[in-house]
Amino acid sequence: MSEFGHKIIFHIDMDAFFASCEEAIRPELKNKPLVVGGTKEDKRSIVACPNYLARAKGVRTAMPLTKAMALVPEANFIRSTKGLYSDYSKKVREIFYKYTPVVQPMSVDEAFLDVTEVLHLHNNDHIKLAEIIKNEIKSTLKITCSIGIAANKICAKIGSKFNKPDGITVVPFGKEKEFLAELTIDKIPGAGKATQDKLKKYGIIKIGDILKYNKSFYENEIGIHTSFLINVASGKSSDKVSEFGEDRKSLSKENTFWEDTDDRDFLQSELYYLMERCCQKLRSINTKSRTITVKVKYFDFKVNQKSFTGKKYSNVETDFYDDAVELMDKMLVKKKKLRLLGIKFSELVKGDAAMQENMFDDVDKKENLLKKIDKIRKKYNYDVVKFGRTFKI
Amino acid sequence: MKFSVKGDKLAEYLSKLNSVIPSRSPLPILDNILFDLKGNELKLLASDLEIFIRTTLEVEGKKDGRVAIPARRLLDISRTLTSASLSVEVNDKNRITIKTSNGKYTIGGEPAEDFPSPEEKSDLHTINLDGHTFKRYLSKTIHAVNTDELRRNMSGVLMDVNRNELKFVATDGFRLAKIIKKDFKKQSEIEEKIIIPLKTGQHIMKLNNNDDSNIEFDDIDLKVSFSDVEIYSKLIDDSFPSYENVIPKDNDKILKVSKILLSDSLKRALIFADVITKRVRLEIKSGSMEIKADNPEIVSEGEETIECTFVSNSGSEDFDKSPFVIAFNASYLLDAVSQMETEEINISFGNSSKAAITTPSKQADNEDFIELIMPVRVG
């Protein structure tokens, strides 16, 4: 514990990360609106990251590129540079580790740092330490970040969004509830539009409003699980920064097609490809799954999904493929082309636990073969080894 | 067509066919039972197109004829008129009239020609099995049949007719049940392997009351006749996996354990195990076996200890074996244990990733029965 009697957590969020990385290596892109996601020819792409000048004109992440083009026709539109962001992400992480060993990366552009035990090296001045980290990133990598400082993770995360870009926000220790009370509910990480809409119907606009009602009201009247929301509004959340991240609950991958399609052969290939990529990841973290969910998005943006739980855990794509095809087939509707296909693996277990051996099927042999293929693909690229099923794509 | 019959007799024979009548059929005619009367012999035929079942009963025939009668309604009415004598008459328009001493019921039937008929082949191989053997061998193996639709070659019971052995084998890849009749007398030159579909096997077991059976088959079709029943079925047109190689020959740890103690323990363990993997851990040492199950998702766990001993091949106690841990799907292990008919059973192990083999402590005369179970990884 710090001298404050609680932990000191930093949430460091890189500012417009992809766009900043691009500007760092191509300074000529600076001082003009920039949209990373695709060139003006890539009409079906979506915005991966706009810089702050583009954001000022209303461009947002995940917006269709065509809409962004209408908003800021003068912006530079570029495709994302392969490998650049993970490279920068690694460099940023190296800087974090210079200051504390307790780092929990949340994604390529954000991480929690627990600095409680190292604060005495900086005169117990958490703001000073945040500035040192921020300045080092800025001077060595030419990109900026925003830091939220709080006694727990959620407050730190909300804090990092509070003063963007290039800002530091301290959520006053012991006064978290008051700090959050006046913020609107869209600031709560993970509260999606559907939840927000439900809450707004009951006059819950600000985070403080959440405490007007109790848990049973939310569960019975609104039909949402609110332990999380009530804890946030009370300023409570976990302060455990785990180097290995939270336990992973699922792993998913999805793809939007260049054009809407109902070509079943193509969709099967795509499905196999998505499963290959997920299973490759499962194998790399020595994890197995037994539940698959296939998700489709139709041309009219309506979404449908179906799941299947098998009898055994596996991370071999062929073990799931036939069931996945069956799930997908159930959702293929005449005259409704798909624009997106996705797959999710859930009910994950670490290691070999609970694997049912099969006398006619050498599970290890298949898995070992795929692991070798994974290695080759990692060294060269995915396309050097292909199965017949993915030839079409 | 015209005949008289007692209500309970008709109900008994109709209900034999009930299970083959599809609950939802694309062919509405299959909702019917075909009645075919010649003299005093009434043949009833029902089918789901894969399997045809025919039963024959004695009635008081008055006029020969054939007609398809809606099965459900006929069965319902005959079940409520068990003690009555029914007089059944069918007119030219396939209308069926059932009369009792004080009632009259009419059902609309279908032309007999619309009802499909099984293919009658003349050049089939034939073997005769006493009813006890046929039913017993099916029931010892059928629980291990694969029920998922993907692996068709395992979705039935293999009947392997050999020079001087008859084998029944079933497997789903996770367990395998095999029973051999050693004193089987070859009845002709045939040496054949056929796969009897699961559903056909189930019908045979249900209808056969240890009656001697006449089994006729070629590569495609099977006809089984016993008592007053004939069952026609397609065989599974695929090759059964080569199972002999996967049966371990060198399982060196042989454990003797009480059947009832082990099966009761497994039943309790199942309550606490993960609902899908049903994994139980067995921690085995000479003298005792600890059976543990847990399901962290619902915070449940259970464990108990039962007595057991290591034995050598000759059956005497073997003190040299070191303790080990192995895990199984408790349902599979329980299925296997339940099939053993001796008070004590033997389970042999190699290591924790190799198949275990359960056998009765003493085999029945001229019989060799084993059940092999693949373990679940201990993790």
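For the protein assembly as shown, give the share of DSSP beta bridges that are antiparallel, in percent and rounded to the nearest 5; count only bridges with both residues there. Percent antiparallel among DSSP bridges in the protein assembly as shown is about 95.
Set the bar at 19 Å for Cα to Cα. Now go through B:178/B:321; A:90/A:378; A:142/A:164; A:7/A:215; B:206/B:362 and name every pair that lies beyond it. Intermediate values should be presented prior to the final figure.
Working: B:178/B:321 27 Å; A:90/A:378 17 Å; A:142/A:164 16 Å; A:7/A:215 28 Å; B:206/B:362 28 Å.
Among B:178/B:321; A:90/A:378; A:142/A:164; A:7/A:215; B:206/B:362, the Cα-Cα distance tops 19 Å for B:178/B:321; A:7/A:215; B:206/B:362.
Restriction of the trypsin sites (Lys or Arg not before Pro) in the range B:172-255 to DSSP coil positions whose beta-carbon has at most 10 other beta-carbons within 10 angstrom yields B:185, B:249. The range B:42-80 and the range A:301-380 have Cα centres separated by 49 Å. The phi torsions of the range A:122-137, fed into the Karplus equation with coefficients 6.51, -1.76 and 1.60 and a -60° offset, translate into couplings of 10, 6, 6, 9, 5, 5, 4, 4, 4, 5, 4, 5, 4, 5, 5, 5 Hz, rounded to whole numbers, with Gly and Pro shown as x.
Among the trypsin sites (Lys or Arg not before Pro) within the range A:147-209, those in coil by DSSP and having at most 12 neighbouring Cβ atoms inside 10 Å are A:175. Cβ-to-Cβ counts within 10 Å put A:341, A:369, B:282, B:44 in ascending order as A:369, B:44, A:341, B:282, the fewest first.
Once the Cβ-Cβ distance of residue B:119 and residue B:149 is raised to the sixth power relative to R0 = 22 Å, the FRET efficiency obtained is 0.30.
Dipole of the protein assembly as shown computed with +1 at Lys/Arg Cβ and -1 at Asp/Glu Cβ about the Cα centre; of B:263, A:139, A:89, farthest Cα towards the positive end is A:139. Taking other C-beta atoms within 10 Å as the exposure proxy, A:239, A:322 rank A:322, A:239 from fewest upward.
Just need the relative contact order of the range A:131-280 here, percent rounded to a whole number, with Cα pairs under 8 Å and 6+ apart. Display every interim value, and only then the final one.
Working: 162 pairs, mean separation 26.9, N = 150.
About 18 percent, as a whole number.
Give the residue list of chymotrypsin sites (Phe, Trp or Tyr not before Pro) in the range A:1-72 that are DSSP loop and have at most 14 other beta-carbon atoms within 10 angstrom.
Values: sites: A:4, A:10, A:17, A:18, A:52; in loops: A:4.
Sites meeting the loop and neighbour criteria: A:4.
For peptide B:275-288, what's the mean number of Cβ atoms from other chains within 10 Å of each residue's Cβ?
On the way: counts 0, 10, 9, 3, 4, 0, 0, 0, 0, 0, 0, 0, 0, 0.
What the average comes to for B:275-288 is 2.
Ranking A:296, A:73, B:88 by Cα position along the charge dipole of the protein assembly as shown, where only Lys, Arg, Asp and Glu carry charges on their C-beta atoms, puts A:73 farthest toward the positive end.
The string of couplings for the range B:256-262 from the Karplus curve (6.51, -1.76, 1.60, θ = phi - 60°) is 10, 8, 6, 4, 5, 5, 5 Hz, one whole number per residue in order, with x for Gly and Pro.
How far, in degrees from 0 to 90, does helix B:330-339 lean away from the longest principal axis of the Cα atoms of chain B, to the nearest 10? Roughly 70 degrees between the two axes.
If you take the Cα atoms of the range B:275-379, find Rg, then find the Kirkwood Rh from the mean of 1/r over all pairs, what is Rg/Rh?
Values: Rg = 14.4 Å, Rh = 14.7 Å.
With Rg and the Kirkwood Rh in hand, the quotient comes to 0.98.
Using C-alpha pairs under 8 Å with a sequence gap of at least 6, the mean separation divided by the residue count of chain A gives a relative contact order of 13 percent. Counting lysine pairs in the range B:2-114 that sit 8 or more residues apart in sequence, or on different chains, and whose Cα atoms lie under 12 Å apart gives 7. Residues in the range A:106-111 carry Karplus couplings, in order, of 9, 6, 5, 10, 8, 7 Hz; the curve used is 6.51 cos²θ - 1.76 cosθ + 1.60 with θ = phi - 60°, and Gly or Pro positions show x.
Which value in deg cm²/dmol, rounded to the nearest 500, describes the helix-derived mean residue ellipticity at 222 nm for chain A, given -39,500 (n - 2.57) per DSSP H run of n ≥ 4 and division by the residue count? Mind dumping the intermediate values first?
On the way: 12 runs with 138 residues, N = 393.
Computed ellipticity for chain A at 222 nm equals -11000 deg cm²/dmol.
Peptide B:371-377 has a mean shielding of 4, counted as Cβ atoms of other protein chains within 10 Å of each residue's Cβ. Measuring nothing but how far apart in sequence close Cα pairs (under 8 Å, 6+ apart) lie, relative to its length, the range B:2-114 scores a relative contact order of 31 percent.
Within chain A, what percent of beta bridges assigned by DSSP are antiparallel, to the nearest 5?
Values: 47 of 53 bridges.
For chain A, the DSSP antiparallel bridge percentage is about 90.
Helix-only arithmetic for chain B: the sum of -39500 (n - 2.57) across DSSP H runs with n ≥ 4, divided by the residue total, places the mean residue ellipticity at 222 nm at -5500 deg cm²/dmol. The dipole here belongs to the range B:247-373: it is taken about the Cα centre, uses +1 on the Cβ of Lys and Arg and -1 on the Cβ of Asp and Glu, and is about 260 debye. Of the residues B:200, B:138, B:229, the one whose Cα sits farthest toward the positive end of the charge dipole of the range B:125-244, with +1 on the Cβ of Lys and Arg and -1 on the Cβ of Asp and Glu, is B:138. Taken about its Cα centre, chain A carries a charge dipole of about 820 debye when Lys and Arg each add +1 at the Cβ and Asp and Glu each add -1 at the Cβ. The residues A:20, A:139, A:237, when put in order of fewest to most other Cβ atoms within 10 Å, stand as A:139, A:237, A:20. Between residue B:220 and residue B:49, the simple spin-label model (points 7 angstrom out along Cα→Cβ) gives 1.6 nm.
Less than 5 angstrom separates the built amide H of residue B:68 from those of B:35, B:110, B:112, all sequence-distant by 5 or more or on a different chain.
Here, each number is a calculation from the coordinates, and none is a lab measurement. Computed from a predicted structure; not experimentally measured. Counting neighbours? That spans all protein chains shown, and the Cβs are built from the backbone with ideal geometry, glycine included.
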